[in-house]
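Here, each number is a calculation from the coordinates, and none is a lab measurement. From a predicted model like this one, the values you see are computed outputs, not experimental measurements. Glycine also receives a Cβ, built like all others from the backbone with ideal geometry; neighbour counts cover every protein chain displayed.
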Amino acid sequence: MTTIATRPTGRDPSSDPTASGLPFAILESKLLPPPARRGIVARTALVDRLLASDTEPVVCVVAPAGFGKTTLLAQWAQRKGPRVAWVSVDQRDNDPAVLLTYIAVALDRVEPIPPEVFRTLAAPNVSVAATLVPRLAAAVAAMTQPVALVLDDAELLNNQQSLDAVTELATQLPIGSQVLVASRARPPLPVGLLRTQGRVVEIGVHELAMDQQEAAALLAGAEVQLAEAELNELIWRTEGWPVGLYLAALAVKARGPRRNNGAGFTGNDRLMAEYLWAELLVRLPQRTVSFLTRTAVLDRMCGPLCDAVLGTTGSAELLESLAGSNLLLVPLDPRRRWYRYHHLFRELLRAELERREPELVAELHARAGVWCEANGLPETAIDHAQAAGDADRVARLVWTLAMPAYGAGRVDTARRWFGWFEDQGLVQRYPPVAVLGAWLHALTGQPVAAERWAGVAEQGPVTGTLPDGSTVASYLALLRALLCRDGLDRMRADTQAALSELGPEASGGPQHSCWRGSATCWPASPTGPTRSWPTPPRWLPMPVRCQRPRSP
């Protein structure tokens, strides 16, 4: 089992996602709780409490970074048994189609759900609240036994549709099933109402703070021994904050025995983390410091990716060594090929990179974008190219990926990509992207935005060949036909122009054939509408697919 894979369901790990109804590759690491490792402190009392609360439908674990929310739920999942579906939320889940697809895949690995659920998830312009969530909830209700769904890092959800989807799914689950949400902030659930109904278990900072026994075990796992008075002082100053205690242990270990090991820690305002990081940083080898700070631009990392970003070799061995020496580098797969930093640790590393080498940040992202594009991770490449300001790479990738994403129901993903060009003031610089942006807004019922993007596209150069072999002029003509701004005669003329530019056969790639099919949906004859209506592309919504202009 690998960290990045195209495993669509629990039925066949090697199957292709599109063949199983999934339109995009699945990140395997999002579906796996972090593995148990030496040095992790067992939160036995809290796990026992959760196991005893399996009749409550909702569990909320809410605390700032570093309080062990993920660790607690991972330990609970291990003891709970096989009927636990796990999803680690990330920024891409702010597209409800993506979030619900991951939830469906996770549930499917517990017990197969009907294939039509995946087909519905992959369809464009399907209502999240009215169709997707009810069908997914119905699939769970049809399961032979109750199931538990864990949503980790839920604070990353800010798309209202995604938030509403989580709420709807939680409220529609059958009796006996549970949703467990870990979040830094208020979770996307009606906690107040659930609390008054006695249907929610809440775990917060007070419960997650480590007591003396747990703190001593954590320090012992880091091979640090403190006298009882020093340990109590450290617990008091950190307020039992687990990651603070662990960073303190690493700092003590790095600088060796010294009096007043807890002096200077300020747990009340969390500045302690920065202080401890400074204590650690000055005692690490420079090569290690550079590796840590520069690779902090990566959400997930493997040896070859780090080598490419740093322009070096040997990163795989260094990652393995770091993962074995502390708990702040988390392996994401059993083979230990892919890793990520503890979220808070990564934030500290990024801040240190910005302070030390701000001029390198864009270049590091640019290298990561090149590697990801070359190694089958185009959407990750878009993220890095955007961070690097590499607009040419973003434009090329978005042109290739946007309409397939729309066709797969990931409308918000496509909107986010196009929104970047608008935010950066780059729409006019890339007419092909402007054309696709206008198409997207038109197909999603946003005529004002569609006209605005179309106007920008028409101001740019109309020459040149696009990656699918068609021309910019053909796309513009087809767009004008779609918008039908200047009457039916002009619409016919634009359709004829588009067809002549597109040619009799698709010359390459699925995009080309889709656009030609769209062009044949409108009459090309000047004497009246055509009588034969070929089947349009599957991703066109019904209002556009079925419109047939009347004869004058």
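If amide hydrogens are placed 1.01 Å from N in the peptide plane, which non-local residues have theirs closer than 5 Å to the one on A85?
It is A148, L149, V150, by chain and number.
Expressed in nm to one decimal, what extension gain is obtained for the pair E207 and N375 from 0.36 nm per residue of sequence separation less their Cα-Cα distance?
56.2 nm
Rounded, prolate or oblate: pick one for the stretch 373-484, where a ≥ b ≥ c are the square roots of the eigenvalues of its C-alpha gyration tensor, a/c under 1.5 means rounded, and failing that, prolate if a/b is larger than b/c, else oblate.
prolate
Can you compute the FRET efficiency between A227 and R186 using 1/(1 + (r/R0)^6), with r the Cβ-Cβ distance and R0 = 51 Å? Round to the nearest 0.05. Could the numbers behind the result be given before it?
Values: r = 40 Å, r/R0 = 0.78.
Rounded to the nearest 0.05, the efficiency is 0.80.
Tell me, Kirkwood radius of the stretch 395-438 from alpha-carbon pair distances, in Å? Walk me through the numbers before you get to the answer.
Numbers: mean 1/r = 0.0980 Å⁻¹.
Taking the inverse mean of 1/r over all distinct Cα pairs, the stretch 395-438 comes out at 10.2 Å.
How many nm separate the modelled label positions at T44 and A217, each set 7 Å beyond the Cα in the direction of the Cβ?
Once both label points are built, they end up 0.6 nm from each other.
With 10 angstrom as the radius, rank T131, T380 by how many other C-beta atoms surround their C-beta, starting from the fewest.
If I rank by nearby Cβ atoms, fewest first, I get T131, T380.
Using Cα-Cα distances under 8 Å and only pairs 6 or more residues apart, what relative contact order does the stretch 297-456 have, in percent? Mind showing how you got there, number by number?
Details: 165 pairs, mean separation 21.6, N = 160.
After rounding, I find 14 percent.
If you place +1 on the Cβ of every Lys and Arg, -1 on the Cβ of every Asp and Glu, and leave all else neutral, what size is the dipole of the stretch 28-208 about its Cα centre, to the nearest 20 Debye?
Value, rounded to 20: 420 debye.
For T144 and T55 in the same chain, what is the full-extension length gain: residue separation times 0.36 nm, less their Cα-Cα distance, in nm?
Fully extending the segment from T144 to T55 adds 30.3 nm.
Evaluate the distance, in nm, between pseudo-label points positioned 7 Å from the Cα of S321 and of E357 along their respective Cα→Cβ axes.
1.7
From the phi angles alone, apply the Karplus equation (6.51, -1.76, 1.60; θ = phi - 60°) to the stretch 180-194 and give each ³J(HN,Hα) in whole Hz, x where the residue is Gly or Pro.
My calculation for the stretch 180-194 gives 10, 10, 10, 8, 6, 10, 3, x, x, 9, x, 4, x, 5, 4 Hz in order.
Which whole-percent values make up P(r) of the stretch 109-256 when all C-alpha to C-alpha distances are grouped in 5 Å steps starting at zero?
Whole-percent P(r) values from 0 Å outward: 2, 8, 14, 14, 13, 11, 9, 8, 8, 7, 4, 2, 0.
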